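K.L.:
Dumping the structure here so I can ask a few things about it.
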Amino acid sequence: MGDGLVTIVMITDDGKRAFAKLGLRTQAHTLDMVSQGARQIEIAHKLGISSETVKQHLQRGRAILGVPNTVALAAVIVQQGWVKVDSLS
């Protein structure tokens, strides 16, 4: 799996605001996997990246969304359906 750039688009419930962030494919995969309940070590192993890289991706996601922890990050992702990763291979 390459680490090309992907676009992550987030739209609020009212449809008035959108947030588009160009990020690395592993960042999108990390957020997708954490929203499905995967642990950091599982994500690192599956994506072939270090646990520290996973930690950095999650910290960045929390900062962007303004949530205090990874559980809240996953909840927002699931509730809003914000992360859609095309072509997981």
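K.L.:
Which condition number in (1) touching a strand residue (DSSP E or B) at 6+ places or on another chain (Cβ under 7 Å); (2) at pLDDT 75 or above is the one that Asp32 fails?
P.N.:
Only one criterion in (1) touching a strand residue (DSSP E or B) at 6+ places or on another chain (Cβ under 7 Å); (2) at pLDDT 75 or above is unmet by Asp32, namely (1).
K.L.:
Would you please name the residue that is surrounded by the most Cβ atoms within 10 Å (Cβ to Cβ), looking only at residues in the stretch 28-42 that are of a type in the set (A, V, I, L, M, F, W, C) and under 12 Å from Gly61 (Cβ atoms)?
P.N.:
Leu31
K.L.:
Filter the stretch 65-77 for residues that are assigned to a helix (DSSP H, G or I) and either under 17 Å from Gln40 (Cα atoms) or in contact with a strand residue (DSSP E or B) (Cβ under 7 Å, 6 or more places away or on another chain) (or both) and give the result.
P.N.:
Matches in the stretch 65-77: Thr70, Val71, Ala72, Leu73, Ala74, Ala75, Ile77.
K.L.:
Out of all the residues in the stretch 50-75, which are crowded, with 19+ Cβ neighbours inside 10 Å and either out of contact with any Ser or Thr (no Cβ under 6 Å at 6 or more places or on another chain) or farther than 15 Å from Ala28 by Cα (or both)?
P.N.:
Those that are crowded, with 19+ Cβ neighbours inside 10 Å and either out of contact with any Ser or Thr (no Cβ under 6 Å at 6 or more places or on another chain) or farther than 15 Å from Ala28 by Cα (or both): Gly61, Leu73.
K.L.:
Residue under question is Val83, and the condition is that it be out of contact with any Phe, Trp or Tyr (no Cβ under 6 Å at 6 or more places or on another chain), surrounded by 13 or more Cβ atoms within 10 Å (Cβ to Cβ) and modelled with pLDDT of 55 or more; does it hold?
P.N.:
For Val83, the condition - out of contact with any Phe, Trp or Tyr (no Cβ under 6 Å at 6 or more places or on another chain), surrounded by 13 or more Cβ atoms within 10 Å (Cβ to Cβ) and modelled with pLDDT of 55 or more - is met.
The values are calculated or read from the model by the stated rules, or taken from the named source; none is laboratory data. Only a predicted model underlies this, so the values are computations on that prediction, with no experimental measurement involved. Using ideal geometry, Cβ is built from the backbone for each residue, glycine included, and neighbour counts are taken over all protein chains shown.
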